[in-house]
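Read through the structure below, which is laid out as structure tokens, and then see the notes.
The values are calculated or read from the model by the stated rules, or taken from the named source; none is laboratory data. It should be emphasised that the depicted structure is a prediction, and the values quoted were computed from it without experimental measurement. Glycine gets a Cβ as well: all are built from the backbone with ideal geometry, and neighbour counts include every protein chain shown. Calculation scope for accessible area: heavy atoms of the full protein, side chains included, ligands and nucleic acids excluded. Shrake-Rupley method; radii C 1.70, N 1.55, O 1.52, S 1.80 Å.
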Amino acid sequence: MPALSFAPALALISAFGRGSPAQPLRTFIRTTGYKLRPPCPIPHTPARTTRQDAVLGSGAAGPHQLATLLCERRKGLVPTIVLGGFVPDATEQVFLLRGSLLNRGSVYYLNYPRNGFSADLLFAQLDDLVDELALVQGTPPVIFSVSFGSGLVLEWLRRTRAAGHHAAIAGAIFVSPIGCVEDLLAPGEAKPATLLGRAVKPFLEATDGLVDPKHIEKSRTIFNRMFGAGAQNKTALIALMSPAELRRLHAAVMDTIARVDTRGACERMAALNSFASPSAYFSQQLLPLTEAPVLILFAEDEEAVIDRRSPTRFALNAAHRAYFPNGTCRTLANPGGAPVQHASLIFHSGNFLPPIARFYKGLKTRKLLQAA
């Protein structure tokens, strides 16, 4: 299944062809990565499964569609729940941000199943986990989402508001959000404008999950090359991660691309196809989606992946305060270097990390002010 979390291969080649970051930046990024403790997320057994059990009991979804929930536990008042794009998994999505997130509290990873997908079930799992953290442990989480994962969170917040509630979260971060299928395929356009759009179109047009095997392999090839192109430049990559880290990351991403089957791919795309465009719920009845602090980060070169008329990008750029009164929306650029790519949290960590770190620092300040 195509990924929504890596920039196209040519962009990665360009990014790594311009040399390594300066030594201070390298040191800064490395200290936010693994340090002396390699990642060791372990399965998390939820304390609450009320919503999950209700969806499974209704027959609306099956156990094979459950997301895998992992956790790295740390002391701290701000736990984080990570939802990745189509590829890589959440555990690899924040590969170089992990240390910074763990400094704030535990990190929970929701990894999507390989052979199926149900948005209703994932929302139920998210409801249960948020309730567990906010109500049982007393530490409302930050929801950290990327690309397709941001679409899931936007739809989850919309449904929560439609039910008359506000999600019990400390904040939310959206990285290169893709909120609806129109962000990839412009309505009425015969041929998608982006390579990614052309890759995912056959999955949207599939009947009963039947996709030509040639399209499946073409999609896998595209995204193998996306990651492989950047990984070829070992000299540049050593500024970001050790050889062992790179091998682990490469193996994990390739495994995900290879193991997401046709049904899993089609069901993920069907979920995205069902999500409402943000412009469709621009109303006083549903907005704001949350009063919690929100950070929205777009990349300067989003159009290499999403359509230039993306309704989600337009709505959040033009009116993010309507959706999130305590929100900030930024477009990240890399002056003098390779353009920042869509959801490129690995290869452009140095651009994404500073605003994310400031966001978490602001949450700490906000808690101190509320306690005073």
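With θ set to phi - 60°, apply the Karplus curve 6.51 cos²θ - 1.76 cosθ + 1.60 along region 246-257 and write out the HN-Hα couplings as whole Hz, x wherever there is a Gly or Pro.
4, 4, 5, 4, 4, 5, 5, 5, 4, 5, 5, 4
From the mean inverse distance of alpha carbon pairs (Kirkwood) and the Cα radius of gyration, derive Rg over Rh for region 40-365. Working shown, then result.
On the way: Rg = 18.7 Å, Rh = 20.0 Å.
For region 40-365, the value is 0.93.
Run the simple label-point estimate for Ala304 and Asn103 please: 7 Å along Cα→C-beta, distance reported in nm.
Taking the simple label geometry, Ala304 and Asn103 are separated by 2.8 nm.
Using the Cα centre of region 62-157 as origin and beta-carbon charges of +1 (Lys, Arg) and -1 (Asp, Glu), tell me which of Leu66, Val78, Tyr109 is placed farthest towards the positive end of the dipole.
Val78
Of Asn351, Ser150, Gln285, which is farthest on the positive side of the dipole of region 40-365, counting Cα position, with +1 on Lys and Arg Cβ, -1 on Asp and Glu Cβ, and the Cα centre as origin?
The listed residue farthest towards the positive side: Asn351.
If each residue of separation counts as 0.36 nm, what is the full-extension length gain between Thr49 and Ala280 once their alpha-carbon separation is subtracted? If you can, show how the numbers build up before the last one.
On the way: separation 231, 0.36 × 231 = 83.16 nm, distance 3.14 nm.
This chain segment gains 80.0 nm when fully extended.
Check the straight Cα-Cα distances from Lys364 and name the aspartates and glutamates below 19 Å, setting aside those fewer than 8 residues away within the same chain.
The reachable aspartates and glutamates, counting only those whose Cα sits under 19 Å from Lys364, are Glu291.
Using the basic label-point model (7 angstrom from Cα toward the beta carbon), what is the Ala258 to His64 distance in nanometres?
2.1
May I ask which residue of Ala270, Val87, Gly362 lies farthest towards the positive end of the charge dipole of region 40-365, with charges of +1 (Lys, Arg) and -1 (Asp, Glu) on Cβ and the Cα centre as origin?
The residue sitting most towards the positive pole is Gly362.
How large is the accessible surface of Glu217 in square angstrom, using a 1.4 angstrom probe and rounding to the nearest 10?
Accessible area, nearest 10 Å²: 100 Å².
Taking the Cα centre of region 30-187 as origin and charging only Cβ (+1 Lys, Arg; -1 Asp, Glu), how large is the dipole, in debye to the nearest 20? Working shown, then result.
Numbers: 14 positive and 12 negative charges, 142 e Å.
With Lys and Arg at +1 and Asp and Glu at -1, about 680 debye.
Along Cα→Cβ, 7 Å out, is where each label goes; now give me the distance between the ones at Ala251 and Ala168 in nm to one decimal.
Rounded to a tenth, the inter-label distance reads 4.0 nm.
Per q in 0.14, 0.20 1/Å, what log10 I(q)/I(0) does a Debye calculation on the alpha-carbon atoms of region 42-89 return?
Log10 of I(q)/I(0), two decimals: -0.50, -0.91.
With +1 on the Cβ of every Lys and Arg and -1 on the Cβ of every Asp and Glu, and nothing else charged, how large is the dipole of region 40-365 about its Cα centre, in debye rounded to the nearest 20?
Values: 32 positive and 27 negative charges, 158 e Å.
With Lys and Arg at +1 and Asp and Glu at -1, about 760 debye.
Binning every alpha carbon pair distance of region 248-372 at 5 Å from zero, what are the percents per bin?
Binned Cα distances yield the sequence 2, 8, 13, 15, 18, 18, 14, 8, 3, 1, 0.
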